[in-house]
Structures are given as structure tokens and as C-alpha cells.
Amino acid sequence: MTITKLAGTKFRLSSELDDSNESVISVSDSAITTAQFPQAGTGAQARSVESKLRETVSVKDFGAVGDGVADDTAAIQAAIDYAATFATAIGQTVSFPRGDYRYTALTVSTGHVKLKGDGDARLIKIATTGDGLTIKSTGSRIYGVKVSGLVFSSASAGVSGRLIYIENVGQVVIEDIVITNFPAAGYRGVELYNASQTTFNAAIQNCVERGCYSRDCVDLYVLAGSRSDNNGSHGWEFDTCSGVYATDTTAYGYSGNGVRAVGTIGSPVIATAGNSFHFYKGCIADSSGSDNWVLSALRTSAVNGCWASTQKNATVDLNGFVVTGCVGVDLNSCIAANNNAIGLHITGDSNNIQVRGGRYDGNGKQTGSARREGVVLAANTSVIMDGVIMTDTQNVKTQQYGLRVQSSVTRLIISSCDMSGNVTYPYAFDAIPTNYMEANNYTAESVTVASANIVYLPNFGRVFNIRGTTNINALGNQWRGRQVTLVFDDVLSVADTVSLVLADNFTTTAGDTLTLISNGTNWYEMSRSVN
């Protein structure tokens with residue numbers, strides 16, 4: 001066998017017996033000349049390194065022990081700083097072999113540094129105050145930092161600070177991260193401030209306070225499988241963020257809100273532009289200590305196929321979804337069931353809210369609550385509803401009304417909705433909205449109405465049987481554009497009056513019909529038929 005020196009640093013290894021089965025070995029110059037890794041920490045000892053930095057360095061190369069006893073802060077920080085010196089757009093990886101690494105505080109302030117756990121690597125924060133891992137630029141924004149495959153926890157319960165804090169960075173990837181309370185809980189899990197294009201995949205559990213809090217961030221991607229459960233305050237909180245994309249995430253068992261997207265409501269009332277373009281798909285908020293979802297001062301956003309159910313405190317009025325001060329928010333095929341009070345509460349001057357499909361049923365579990373409805377629309381809101389189920393199918397019904405419309409609602413367009421099967425009534429209108437249209441809704445109400453001097457028709461429906469012989473002088477429940485057809489079962493007189501404008505008085509027989517339209521004040525005859 002012969003070894004032939006080729007151009008540069010490559011050697012050719014070939015067999016004298018069969019030159020057709022030859023292979024090539026490439027050897028770098030850096031494999032020849034060696035230096036030493038800088039050493040720190042309990043495990044410090046001389047370790048060689050190639051003259052050109054390897055793609056991956058281990059924290060143990062710099063003196064980290066990972067035995068759950070030694071303080072590895074200095075060694076880990078030395079590894080991070082060393083990698084930062086050589087990091088390029090390709091990235092430089094700092095590896096954490098399996099072990100428990102105790103530390104006080106760590107900082108990444110250079111882009112393209114990657115922290116990667118190999119196996120069961122856990123970072124245990126010793127201090128109960130201050131931040132754990134800080135990824136922050138002290139000057140211009142940095143990019144390309146990645147943290148993956150690591151478990152973060154605390155040696156004892158935190159009283160302040162964050163286990164991971166990210167500020168003034170872009171294109172950060174947080175991947176396969178676990179935050180746990182073993183051996184003890186951190187105060188807050190993850191906090192991001194002024195970050196952009198961040199990709200997030202983590203399980204954050206049992207923090208003393210918030211799970212994940214983001215403020216003034218742009219383009220935050222929360223990937224499928226991420227969790228923020230059993231934290232002491234809110235699960236996922238997005239404060240004045242633009243561009244939030246969350247898919248198949250959970251928030252169970254927290255003390256505050258599960259998902260909380262909030263901004264500043266201006267004057268006049270309008271959601272701030274910085275709190276916009278949120279898209280949630282298949283996300284779950286369950287068993288909260290407060291309202292499951294709070295969307296406040298949010299613009300141009302969509303919640304698709306999401307779930308809101310159950311509160312831990314069964315004696316307080318708490319809701320599934322609360323939409324307040326929002327503009328242009330869609331809720332599509334969402335489910336809010338078994339909440340203490342209301343399934344969906346739209347309030348705070350919210351405008352152009354669309355609710356399409358979904359179920360808001362079985363709510364009102366807090367029996368002493370004054371609000372036990374599927375959906376409530378508050379003053380100065382404008383809403384479009386289509387194909388929404390607001391009923392109660394439980395063996396023991398608790399939801400009093402499917403829909404409640406409070407006074408001064410500015411617009412309601414409702415079609416193909418089901419409000420049947422509730423305890424008290426399908427719906428309750430404190431007042432008819434200024435702009436109101438309805439079509440093809442199901443309430444399970446009788447279409448037969450007793451004749452009276454003033455006939456009050458149900459708020460839903462177009463064709464009604466009028467039974468009885470009492471003469472009619474007026475119709476109540478008018479809104480502009482409403483058209484109804486009255487089918488008479490008996491003989492009576494319908495009078496041409498100021499508010500009931502007919503071609504002339506109408507004396508009916510069984511089977512006669514009268515079609516009327518309202519201008520918001522008076523009813524006008526459109527047609528009649530006589531048997």
C-alpha cells in the first residue's frame with residue numbers, strides 16, 4: 001500500500017493490488033498545529049485545540065464539570081466567549097454533554113453563537129434573583145443565536161428574574177427547550193423584548209410567575225407542541241407585538257390568563273397598530289385562574305380552531321374568550337365550553353369582529369353569576385356572526401342564554417346560528433342594535449304568536465302564525481329593514497294606524513297573510529293575500 005502526497009494538504013491512499021478501489025482522505029492543516037483552550041472552573045486542565053476553531057466546542061473543554069455540585073459559571077461563559085470570537089454567519093456551537101451544570105448567570109452578546117445540549121443536559125440556576133441566560137446586544141442588533149436541547153431549572157425557588165431573557169436580537173431560535181421546577185422553579189420562564197423573527201419551541205412549566213412574556217417584538221413564531229403550563233401567572237403573554245404566529249400550543253393550569261395579547265387602547269377608542277397581525281391556530285387555554293383568552297387592543301388578527309374551557313376558581317365570574325377594544329379580529333371555529341360565566345364576551349368598543357362557526361355552549365358553571373351566557377355583546381361593539389352554536393347540550397344545563405345583546409350595540413349581522421336548548425331563553429336583547437340584520441337562525445321558538453292590541457314578535461324569524469281574535473293596532477320590536485309575514489289562524493281586524501301603515505283596514509279569515517316591512521319606527525304593508 002502506498003500513500004501519495006497530493007497538492008495542498010490532501011493525501012491519496014491507494015491499494016497496490018487494486019488501483020480501481022482507491023479512496024481519498026482529506027487532512028486539514030489545523031490538525032497538525034495545536035494550541036490550548038482557555039481554562040476556567042473546577043474541571044480546568046490543559047486541553048488541546050486545533051489552530052483553527054472546530055465547528056463545535058464542548059463546555060467541558062473549558063473546565064465545566066456538570067456534576068450538579070460544582071459552579072460551572074466561569075467555564076461555560078469562557079466557552080461562550082471563545083465561540084463568539086470565531087462565530088460567523090455559519091455559526092459556532094457550544095456543546096453541553098449530559099450533566100447538571102450549576103451557574104449563576106450567563107450572557108451571549110454576539111451573533112451566530114449556538115448553545116446545544118447533547119442528551120440530558122440541564123442548566124441549574126443557583127441564584128434566586130437576576131436573570132439566568134441573557135441573550136442581548138449591547139450595541140446594534142445581533143442575529144442568528146440558537147439555543148437547543150437544554151433543560152433549564154433553578155436550584156431553589158426564584159423570587160425575581162428570568163431563566164431566559166432575550167433583548168435586541170433577531171433570528172433567534174429557541175428549540176426543544178424544557179423549563180421545569182426540578183429541582184426548583186424559576187421565577188419567570190422566558191422573556192423577550194424588542195426581538196424580531198424569533199422561532200420558539202419550548203415546554204415551560206411550573207414557574208413561580210409568568211411562563212413566556214414578549215414585549216415590543218416583531219414576527220414571533222411559536223411552533224407546534226410548545227407548552228406553557230401550570231405557571232403562577234399568565235401562560236403566553238404578548239404585549240404590543242406585531243406578527244405572532246402560534247400553532248398547536250397549550251396553556252393549562254395557570255393562575256392568570258392562558259393566552260394574553262394586549263396593547264394600548266387609544267382615544268378615541270382604537271387598537272394600537274403595534275399590536276396586530278396575530279394568528280393562532282389549534283391553541284388550547286384550559287383550567288385557568290382567570291379568563292382563558294384575553295385579546296385587548298388587537299388589530300387585524302385571527303383565532304382559528306382554538307379552545308377555552310374551565311377555570312380553577314369556581315366561585316368567580318370568569319370567561320372563555322374576552323375580546324376588548326379590538327378592531328378587525330376574527331374567531332373561526334373556536335370552542336368555549338364549561339366556563340364559569342361567559343363563553344365569548346365582546347366588549348370595550350370592539351369593532352368589525354367576525355365570529356364564524358364554533359361552539360359556545362355549556363357555560364355558566366358559576367351558579368351565582370349574573371352572566372351565564374354563550375356569547376355576550378357589550379355596548380359600542382359591531383359584530384358579524386355566522387354558523388355559530390350557542391346552546392347547552394349537557395345533562396344538567398347551566399347556560400341561561402345562548403346570546404345576550406346589551407344596549408348600544410352599533411351593529412349585529414347574524415345568520416345560520418343555533419341558540420336553542422339553553423336554560424332560560426335562546427337569547428336576550430336589552431335593546432335592538434342600531435344596525436341589525438338576521439337570517440336563517442334557529443332558536444326553537446314557537447312560530448305561533450297570540451294576537452294582541454300590540455303584537456311583539458320574536459327577534460328572530462320571518463313568518464309567524466297569528467292565533468286569536470284580539471284586534472291588532474301595532475307591532476313592537478321594530479328595526480329598519482325587517483320584513484315579516486303574518487299568517488292568520490282566526491278572524492280579527494288589523495287597523496291602519498300611524499305606526500301600522502296599511503292600504504286600508506284588514507279583516508282576516510283563516511289562512512290570510514300580511515307582509516310588512518319596518519323603517520325602524522313604523523311598519524308598512526308590502527302585500528296581502530286573502531283566501
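Please express the shape of segment 182-281 as an equivalent ellipsoid: the semi-axes are the square roots of 5 times the eigenvalues of the C-alpha gyration tensor, given largest first in whole angstrom.
That gives 23, 15, 12 Å for the three semi-axes.
Return the equivalent ellipsoid semi-axes of the chain as a descending list in whole Å, where each equals the square root of 5 times an eigenvalue of the C-alpha gyration tensor.
Taking √(5λ) for each Cα gyration eigenvalue gives 68, 24, 19 Å.
On a 0 to 90 degree scale, rounded to 10, what angle separates helix 73-86 from the longest Cα axis of the chain?
90 degrees
Which one of Thr107, Gly139, Thr129 is farthest out on the positive end of the charge dipole of segment 71-142, using unit charges on Cβ (Lys, Arg +1; Asp, Glu -1) and the Cα centre as origin?
Result: Gly139.
Choose one of Leu475, Phe488, Ser446: the residue whose Cα lies farthest towards the positive end of the charge dipole of segment 406-495 (beta-carbon charges +1 Lys, Arg; -1 Asp, Glu; about the Cα centre).
Farthest towards the positive end: Leu475.
Just for the Cα atoms in segment 67-167, what are the lengths along the principal axes, largest first, rounded to whole Å?
Dimensions of segment 67-167 along the principal axes of its Cα atoms: 37, 28, 20 Å.
Quick one: pull the percentage of alpha-carbon pairs in segment 439-531 with a separation above 16 Å.
49 percent
Quick one: if you take sqrt(5λ) for each eigenvalue of the C-alpha gyration tensor of segment 131-194, what semi-axes come out, biggest first, whole angstrom? Don't skip to the end; give the middle numbers.
Values: eigenvalues 103, 37, 10 Å².
Rounded to whole Å, the semi-axes are 23, 14, 7.
What number, rounded to the nearest 500 deg cm²/dmol, is the helix-based mean residue ellipticity at 222 nm of the chain, given -39500 (n - 2.57) per DSSP H run of at least four residues and division by all its residues? Walk me through the numbers on the way to the answer.
Working: 1 runs with 14 residues, N = 531.
Computed ellipticity for the chain at 222 nm equals -1000 deg cm²/dmol.
Please list Asp71, Asp229, Asp489, Asp176 in order of solvent-accessible area, largest first, computed with a 1.4 Å probe with all protein chains present. Let's see the in-between values first.
Details: Asp71 70, Asp229 0, Asp489 50, Asp176 95 Å².
Most to least solvent-accessible, the answer reads Asp176, Asp71, Asp489, Asp229.
Report the gain in length on full extension from Asn465 to Tyr221: 0.36 nm times residue separation, minus Cα-Cα distance, nm rounded to one decimal.
82.3 nm
State which stretch of the chain is the longest one without any exposed GluC sites (Glu not before Pro), exposure meaning a DSSP loop state and at most 13 other Cβ atoms within 10 Å.
The longest uninterrupted stretch comes out as 56-531.
If you find the alpha carbon centre of segment 158-172 and of segment 404-435, how far apart are they in angstrom?
45 Å
Over the residues of segment 385-483, compute the C-alpha Rg and express it relative to 2.2 N^0.38 Å.
So the Cα radius of gyration is 1.14 times the expected 2.2 N^0.38 Å.
The values are calculated or read from the model by the stated rules, or taken from the named source; none is laboratory data. A quick note: this is a predicted structure, and the numbers were derived from the prediction, not measured. Note that we place each Cβ from the backbone using ideal geometry, even for glycine, and neighbour counts take in every protein chain shown. Side chains are part of the model used for accessible areas, which takes the heavy atoms of the whole protein and leaves out ligands, DNA and RNA. Shrake-Rupley method; radii C 1.70, N 1.55, O 1.52, S 1.80 Å.
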